[in-house]
Structures are given as C-alpha cells and as structure tokens.
Amino acid sequence: MTSFNPKHKFVGKPISHKLLFYLALIIHLQYYGQDTLSIVDDFTLYAAPTREVLYVHLNKSHFFKGETMGFTVYTFDKTHKIPSKTTRNVYCLITDEYGNIIKKKMVLTELGMGTDLFSIDNNLEAGRYYFKAYTNYQRNFNEPNPYIQMFEVLEFGQTSKRSDSVSLTSIYLRPEGNQAIANTFTNFSVVTRDDRGKPVPYITGTIVSADGSKKAQFTTDSLGFGSCGFTPVMGERYSMQNDSLAAPIAIKPFALSQHGVSLNIVDMDGKIGVILKTNPTTLNQLKGQSLPLVFHNGSSLKGFSTQFDSEPSQIKYINKQALFTGINIFTVFDANNKPLAERIYFNPEPIKKVLPFTVSRKTTPDSISITLTSQSLKDMLHGFSISVLPPSTRSYAHNHNIVSALYLTPYLKDPIWHAKSYFELDGRVNFQALDNALIASGTSTYDWHAIRARKLTPHYAFEDGIRIRAKINKADHSRFLLMPTTLNEMEILTVEDTATGFQSTGRYPLLEEKLAVSELRKNGRLEVPRLYIQFSPSEIFNWTPKYPVTGIVESPDLSLVTKNPIIQNTSTDVQQLDEVVLTVNPKQERNATIEFENWGDVDFFDDRTRDRYPSLASYFRTKGFVVVEIGGKFEITGTGRHPYLY
C-alpha cells in the first residue's frame, strides 16, 4: 500500500512548503477513498466547534451538617487537555435527587481555575445530593462535558448506609465492539454485580450452555470485570458455574445478530491489530464492497477503506504512533456509510505523568506546615487543590480524579465505576483492566446519525464576566463613568449624541458589590444618569445533559488484577493484510511550525475563535490586556506589552 510519511527527507532541490502541502493533500485524498472522504467531511464539520470539559475537586464526598464544602473548578480544552482561558463564568449548583436547586453560585475562573465554598447547613437534610458545574457554552452540546457528582449529607451520629459485604446476583456478557454475530467467535467482557449494582471482585467461573457444555472460563478483577471468548449460537442460553455456588447463575441475555460485522483489537508490540470478522451469510453480502474503517478522538479523525474477499476474517495493523493519545473510537461502516460496529480503545502513551513532588512538613504546637517542591515546576504556572483528611477516612470516595475526568468521561455513554483507579499517581495506566472496562461500557457518546446531520451550530456564547447593556433615556449626553470594583478598573465610555445606549463587557462584580455609574457632563460635573440597565447573564440556570451519572463510590481495594487477557490471540485464523500507515493533519503541522519559529505566545485567531467572543475587546481581555472602549474605539493598556497583529 502506498503511503505518505511527512518525516521522509528529500534529496536535491528543496520543495516549497506550499507545494509540499499540495502533494500531501493529493496523497491524503487518494488514500482515504471517496466513501471515506464523505465520513471525514461530516466529522470535520461536527467536530469544528471547540468543546470544554470541567473537573471539580471536592474536599470530601460525605459531609456532616455544619461542615463546609470546599471545591476547585478546572476548565479544560477538550481536544488539547490544557486549561481553557476562554470561559470565565462557571455555574455551580447543589441539587437534590429530583433536580431541585438547593444552592447555586457563579464562580469566576482565572487561567482555567476557580475556587469557592458551599455551606452544608440546614437547607440540606440528611440524604444524597448532586454537585453540578457547567458553562453557558457547554449548552451547545448534549455531551457529558460538564461535571456532575453525587455526594452524601449525614446527621451527627449517623453513618453511611454503605456495606462492605457483597453477594453475586448478576452476570453480564458484553461483546467486544458492541456486536455479537451468531456462529462467529466473539470476545466478551464479563461483568459481575450484586443486587445494588456494586462490583463483585475476584470471581472465577465457567460459562456453560443449557446442555452443560463448557464454553469458556473467566476471572474478574477487583472492579468486577473479566474476559472470555467463545462462539455464541442463536437461541442458546448460558449460565455461570462456580464451585462455591449451590446452583448456576443465569447470565443476562445479550443481543446476538444473524448478520453483521464484529470489530476486535489485538494489542501488540508497537502496534495494534484491528480484526474484522463476520459469518458466511454476511460475507456473501459484503464481499468486494468498500468498507470505511475510521477512528477518532472526538476532534480529529483518521481512516482508510477495506473489504472482505473470500475469507470471513481480516486484520489491519496500525502503528501506535499513529493513534491518538487516550481514547480512540474505531467504527466500521458498510458501503452506504451505515455504522456496523464500534470499539473504544485507550492508548496510554504518551499521557503526561503527574509531576513528582518532594513533600516536607514542619509541625508546631497548633499547626502543620507542608511544603511541596518539584524541579519540574520551576518557572511554570500551575494550580493545585489539596484536601487534607485523616488517613483512615471514608469520606473521600470520589469516582474520578482529574485524569479520568478528562480522558474517559467525555467519551463514554455509560460511566465507568471507580474510573480513577485505572490511572496511577506516577502516570501509568492499568491498561488491561481499563480495556476490559471499556468493552463492558459499550458505545461512545458519538452518534453518527447526529454527526452526519451537520446541524451543529453553537448558539450559546463563551461568557467572560458580566455584560452590561444600558439604554439612555435622554438625548443630551456625552460620557459615562463605570466606577471601579474589586476586579475592574474605572471605565470611561464616550457615546455619540445620536446613540441610544452603550454596553460594557468583562465586568467581574463580587458578591454584594454594586454597580456605580455616573454621567460626566460637558461642563465637568458628575450627575446621576438616567439609564435603563440590563445584565447578561442575569440568572443562574439549571441545565443537565442527558447522560447517566455514577453514584457514590465505595473505597475498594485498588490493586487491579486481570488474570485472563481481554483479547485472546485470534490472529492465527485471519487473513493478514498490509500494515496501515496514516498521514498527519497538515493544518496542525502548519500551526506547530509557526509556534516553533516565533518567540512568545502565538494565538491562532480563526473563524472558530471569532465565534467564541461577543467582541474583539473581550478577546483581548482574556489575553491579559486592559481594554477601554471610547467612542466605538478601544485602547489596549495596562500590561506593559502590546499584541502584534498580522
């Protein structure tokens, strides 16, 4: 297979960057094929708007009445996993189990981070509640990008109703690729749960059919996931036998299709094998057809076309360097671009490791001083949030940490139990156990019917503080003074005689601060203005995307054990094809080159960036400049530096 490698060196006369780009583009188009290009175009339009992801660090997950909930909000760019500096307003709410608002605040973030408090007072009776955090811009997408977490309030003397005892009551088989084909060998993730839906760990069992025939064996890890593989038969029922059980436990029925394609992934040294399998009936229908096979991470997509010939199985090899960091969502389509199967795969390299700290402490009679130092943090700006609790506490049972909230939650239709346990503090990923959980979780949050509709146009803007709109109620006017507040300097607004009003953006009033406005007359006197003033936003709204949320998480043994590999080596009975080499995104290469060749910070102001801001002044304010609007023009001052525009 012909492929294009952008790292190839050319000998002889240098080729211009423009010509090299055209060559890459031509080869790129030839490589994808016409059918795959339609999918690429649809996905590119769908993924074009920027997404934000939130994570909130709560100081506890269980509170007694009278305590204080401290929290830190982190806003991230979903694609690049870096702090989002665009949105400044984050809405934080406490709701009951029925969605009724109990407490609410709008938190101001700086460089993607904001901190505040909620008092756990008499407004919160003993019970379970939800902490929700989201931005106005996130309302454009029905995706699990906001942060939602359940927490529990206890009365003094009351303990949580959690129990450490578990009893196996339910067993589920989830086919890899979310598709099980009759009479075709299928890899399954085994899920063991008790009557409350809690994982049942370390179960070893044998799967048998109704006539007692043994199909497969499995062992679950500490979070109740295992793996096995066998050939399912239409109409056949299965159960699990275990030496400690008095009688077999029936396995919950799973969907089994007479027709279709299964999508499996085999992890290899330096590459993965993507296996497509079908049965003889489906093979006769698909033989010779061009089948697009793509994978994406929610923002970028790569792919190629493949086909079945005479064999019902085939394998494609993809170098791991061509994969995206973190989530890779594989989808195979039929000749009409209808999705046939989907498989979620996690590429753990090269996720940035948690920076190592040297911890020192100094104890005095009434306090402990803790110092965190790291050579890696020198000359770098970082934000931290720390919760200090007794080592034996059970009040810190969060389902996520900041890594799992960024790399898992936004992509999974069904949340993973105790997701943070798959990511070690030193940056390592419990890959095999996580792969088990991803197979069990089923499908991703990406609906190809919605992607192909091409109707995603953001209507809700990024919010940067409060916008003030003032309507002038008399004709004779010239200038208005917006008096300074804690976070805003005084602003002078000059308006034309024919103007009916003015507006000011980027105002950051703190709680109980009032807006003070004076009219500066032409004779130099200050007078009370005759204005009708509106604020935006003017209220804290209650909004929740339609995705399930994990409940309170116990504190299980975090040592994950997977004795059986999730993917059995099935490459011996499949047709081996050429290794797949994928091209890179030319636009990303261009941006990286510009950043490398220029000193200082480089910001690419394009159509997507323009849509995020109500005005150019608000854009410059997010970059640290002080902007004063006078007579429809604005001056940039106050930072000792000036932006250069080209």
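With respect to (1) at pLDDT below 90; (2) within 28 Å of the chain's Cα centre (by Cα), the lone exception for Ser244 is condition (2).
Against the test of being more than 21 Å from the chain's Cα centre (by Cα), open to solvent by 20 Å² or more (accessible area, probe 1.4 Å) and not aliphatic (A, V, I, L, M), the options Lys85, Lys65, Lys81 yield a single qualifying residue, Lys65. For first residues located in the stretch 478-491 and in contact (Cβ under 8 Å) with a residue 12 or more places away in the chain and open to solvent by less than 90 Å² (accessible area, probe 1.4 Å), partners that are part of a loop (DSSP other than H, G, I, E, B) and hydroxyl-bearing (Ser, Thr, Tyr) and lie 6+ apart or on another chain with Cβ distances below 8 Å form the pairs Thr485/Tyr508; Leu487/Tyr508; Asn488/Tyr508. Checking Glu125, Glu152, Glu143 one by one, the residue that is open to solvent by 20 Å² or more (accessible area, probe 1.4 Å) and either of a type outside the set (S, T, N, Q) or at pLDDT 90 or above (or both) is Glu125 and no other. Of the residues examined, Val90 is not one that is more than 17 Å from the chain's Cα centre (by Cα) and open to solvent by less than 50 Å² (accessible area, probe 1.4 Å).
Pro509 meets each of the listed conditions (1) open to solvent by less than 30 Å² (accessible area, probe 1.4 Å); (2) under 44 Å from the mean Cα position of the chain (by Cα) apart from (1). Regarding Phe76, is this residue in contact (Cβ under 8 Å) with a residue 12 or more places away in the chain, touching a Pro at 6+ places or on another chain (Cβ under 8 Å) and either open to solvent by 10 Å² or more (accessible area, probe 1.4 Å) or not in a loop (DSSP other than H, G, I, E, B) (or both)? Here the answer is yes, as Phe76 does meet what is asked.
In the stretch 99-126, the residues that are free of Cβ contacts under 8 Å to residues at least 60 places away in the same chain reach residues that are of a type in the set (Asp, Glu) with C-beta atoms within less than 7 angstrom, at least six apart or across chains, in these pairs: Ile102/Asp96; Val107/Asp116; Ile120/Glu67. Across the stretch 48-62, which residue is surrounded by the most Cβ atoms within 10 Å (Cβ to Cβ) among those that are in a strand (DSSP E or B) and not aliphatic (A, V, I, L, M)? Among residues in the stretch 48-62 that are in a strand (DSSP E or B) and not aliphatic (A, V, I, L, M), the one surrounded by the most Cβ atoms within 10 Å (Cβ to Cβ) is Glu52.
Within the option set Gly235, Gly273, Gly288, Gly298, being open to solvent by less than 30 Å² (accessible area, probe 1.4 Å) and either assigned to a loop (DSSP other than H, G, I, E, B) or at positive phi (or both) holds for one residue only, Gly298.
Among the residues examined, Leu381 does not qualify as modelled with pLDDT under 80, in a loop (DSSP other than H, G, I, E, B), open to solvent by 30 Å² or more (accessible area, probe 1.4 Å) and in contact with a Pro (Cβ under 7 Å, 6 or more places away or on another chain).
Among the residues of the stretch 243-269, just one is more than 22 Å from Glu342 (Cβ to Cβ), open to solvent by less than 40 Å² (accessible area, probe 1.4 Å) and assigned to a loop (DSSP other than H, G, I, E, B), namely Ile251. Restricted to strands (runs of 3 or more DSSP E) entirely inside the stretch 434-534, those with at least 3 residues that are under 30 Å from Arg139 (Cα atoms) are 466-472, 501-507. Selection of the stretch 512-530 for residues being farther than 24 Å from Glu463 by Cα and either open to solvent by 30 Å² or more (accessible area, probe 1.4 Å) or not polar (S, T, N, Q) (or both) yields Glu519, Leu520, Arg521, Lys522, Asn523, Gly524, Arg525, Leu526, Glu527, Val528, Pro529, Arg530.
The values are calculated or read from the model by the stated rules, or taken from the named source; none is laboratory data. Quick caveat: nothing in here was measured; it's all calculated off a predicted structure. Quick reminder, even Gly has a Cβ in these numbers, built from the backbone with ideal geometry, and neighbours come from all protein chains shown. Heads up: the accessible areas ignore ligands, DNA and RNA and are worked out on the full protein's heavy atoms, side chains in. Shrake-Rupley method; radii C 1.70, N 1.55, O 1.52, S 1.80 Å.
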